[in-house]
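Before any comments, here is the structure.
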Amino acid sequence: MARSITPIPLTHADFKPFGDVIETGNVKTRSINEGNTTRYHDLADLDLSAEGGRPGLNIFRSNPQPQPMILKVMERHPLSSQAFYPLSTFPYLVVVAPTGELDPSAIVAFLARPNQGVNYHKGVWHHYSLALVGISDFLVVDRISDDENCDEVRLTGEDRIEIEMSNTRL
């Protein structure tokens, strides 16, 4: 039987053990382009160059999952960070667990607003993008290389996680 977890709002403080929240809130800004543009500066600690890797810019398109949502797999990138920023106007789920060996009991879920992105730090376990309302596009910055940089663990039996959305306000 699956364990049930309820997402909590995505905040900088709660997400800090897993990575960075990318948003235009209380961050460093710079006025550029003759004062016509505000630059929200250095929003994530990107780590992409290990073992000859290089930064890559991608768009991932995610389909909403059926409800109740059952998590069946977690992944991590041992050589790099991975940043996601939503291009769609829908909230989405961010599901993570600490680095090291995957402990399914340590998996937590965050509800991200459409104006919040995340940068998973190197080695942080996470679920792939979880669209909630409609097909959602994400701008993704990650490491490009010829080597393997993705470990996956399948959640089976009692390790499976059900996301409880009935009390979550979208």
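The values are calculated or read from the model by the stated rules, or taken from the named source; none is laboratory data. Given the structure is predicted, the values throughout are model-derived calculations rather than measurements. Ideal geometry is used to build each Cβ from the backbone, glycine not excepted, and the neighbour counts take in all protein chains shown.
Among (1) loosely packed, with under 13 Cβ neighbours inside 10 Å; (2) touching a strand residue (DSSP E or B) at 6+ places or on another chain (Cβ under 6 Å); (3) not in a loop (DSSP other than H, G, I, E, B), there is one condition GLU51 misses while meeting the rest; what is its number?
(2)
Determine which member of the set PRO98, PRO68 is out of contact with any Gly (no Cβ under 8 Å at 6 or more places or on another chain) and loosely packed, with under 15 Cβ neighbours inside 10 Å.
That would be PRO68, the only listed residue that is out of contact with any Gly (no Cβ under 8 Å at 6 or more places or on another chain) and loosely packed, with under 15 Cβ neighbours inside 10 Å.
Is there any pair with a first residue in region 107-125 that is farther than 14 Å from LEU93 by Cβ and a second that is among the polar types (S, T, N, Q) and part of a strand (DSSP E or B) whose Cβ atoms are under 8 Å apart and which are 6 or more apart or on different chains, and what are they?
The qualifying pairs are ASN119/GLN82.
I'd like the residue in region 145-167 that is more than 16 Å from ILE70 (Cα to Cα) and surrounded by 15 or more Cβ atoms within 10 Å (Cβ to Cβ) and, out of all such residues, is nearest to the chain's Cα centre (by Cα).
Result: ASN149.
Residue check, ASN115 against (1) outside any strand (DSSP E or B); (2) of a type outside the set (A, V, I, L, M); (3) at pLDDT below 95, all met but one. Which one?
The one condition ASN115 does not meet is (3).
Take the residues in region 84-127 that are β-branched (Val, Ile, Thr) and over 24 Å from SER4 (Cβ atoms); name whichever of them is nearest to the chain's Cα centre (by Cα).
THR99
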